[in-house]
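Structure first, then comments.
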Amino acid sequence: MTTSPPVLEVVRDAAAVAHAAADEIQELITGRPAAVLALPTGRTPLPLYAELRRRYQAGHIDFGQVQTFNLDEWVGLGPDHAGSYARFMREQLFSHVNLRPENCHLPNGLAPDLAAECAAYEELIQRAGGFGLAVLGIGRNGHIGFNEPGTPFDSRTHVALVTEETREANRWSFPPGVDPPDRAITVGIATLLEAERILLLVTGAEKAAALERALRGPVDPLVPASALQLHPRVRVIADAAAAHHLDADARTRGG
Ligand code: GLP
């Protein structure tokens, strides 16, 4: 297998990012109905989930055999907590499409034995055959999932300490007065790098520096997303604001 650097595709805006990402997911599921997807939370994928809901309602995507694994979940939050990623996913996607509940996986943030929960989640991913497609966002400090700067590239599912900066960036998804936890369970970088394909979605000028460091900087655990340079099939879809530091590749379209 020859490796090739991540392909950067720049499109006009967040809606176009969502459209292009939904096209890839639709094509994958059409060709492989039991596809295994890794899914992100955050603001970035909101338009993607809206687009997937629309395509399901229009009869273009059948999620009946698809399996999903979320990248992460906050430690200490149950699935009904307003800030939990389980709730986010139900509201944004799961309850609107024909994904079977038993095929939608998230780490259990309330597990009494967190190490055992991490090992079990990793095992579940491996038993499913790993990720056919891992959809990722990126944090302003270059994190992917909750793999914060300094996380070893050989990491598996683990409990991560969430930086103050990342907690602040996530505050919008919590009710007023509720602080985001300082720990989360996250899929590790090694697990992500084993995905057959990776799709990184990046929108907004505040992500431009992180994207540039991830794609053009040295491969360095201090920039977790730079690990993506080690993977042979990474497609990055960025809007013009996020990509303004970068020359896009030949496949650039839109503006
Ligand atoms: C959180 C999530 C990440 C996500 C990041 C960026 O930290 N754990 O998976 O990529 O936020 O979020 P946003 O898309 O809101 O900028």
(request) Positive end of the charge dipole of the chain (Lys, Arg +1 and Asp, Glu -1 on Cβ, about the Cα centre): tell me which of L246, V178, G142 has its Cα farthest that way. (result) L246
(request) For the chain, state the semi-axes of the equivalent ellipsoid (square roots of 5 times the eigenvalues of the alpha-carbon gyration tensor), sorted largest first and rounded to whole angstrom. (result) 25, 22, 19
(request) Just order 37-45, 207-215 by mean Cβ neighbour count inside 10 Å, highest at the front, would you? (result) 37-45, 207-215
(message) How much of the pair distance distribution for segment 148-202 lies past 16 Å, counting alpha-carbon pairs only, in percent?
(response) 54
(request) Any chance you could run the full-extension gain for R12 through W172? It's 0.36 nm times the residue separation minus the Cα-Cα distance, nm to one decimal. (result) 55.1 nm
(request) Out of all DSSP beta bridges with both ends in segment 7-252, state the antiparallel percent to the nearest 5. (result) 25
(request) Please report, in whole Å, how far the alpha carbons of segment 175-255 spread along each principal axis, starting with the longest. (result) 45, 31, 22
(message) With a cut-off of 8 Å between alpha carbons and a minimum separation of six or more residues, what is the relative contact order of segment 7-252 in percent?
(response) 26
(request) Amide H neighbours of N70 under 5 Å, at least 5 residues apart or on other chains, H built in the peptide plane: list them. (result) L39, H105, L106
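Leaving out ligands, DNA and RNA, what percent of the accessible area of segment 156-218 is carbon and sulfur, probe 1.4 Å? Could the numbers behind the result be given before it?
Numbers: 1400 of 2670 Å².
Result for segment 156-218: 52 percent of the exposed heavy-atom area is carbon or sulfur.
The values are calculated or read from the model by the stated rules, or taken from the named source; none is laboratory data. Fair warning: this is a prediction, and the values are worked out from it, not measured in the lab. With ideal geometry, Cβ positions are generated from the backbone for all residues, glycine too; neighbour counts draw on all protein chains shown. We work out accessible area using only protein heavy atoms, side chains counted, and drop any ligands, DNA or RNA first. Shrake-Rupley method; radii C 1.70, N 1.55, O 1.52, S 1.80 Å.
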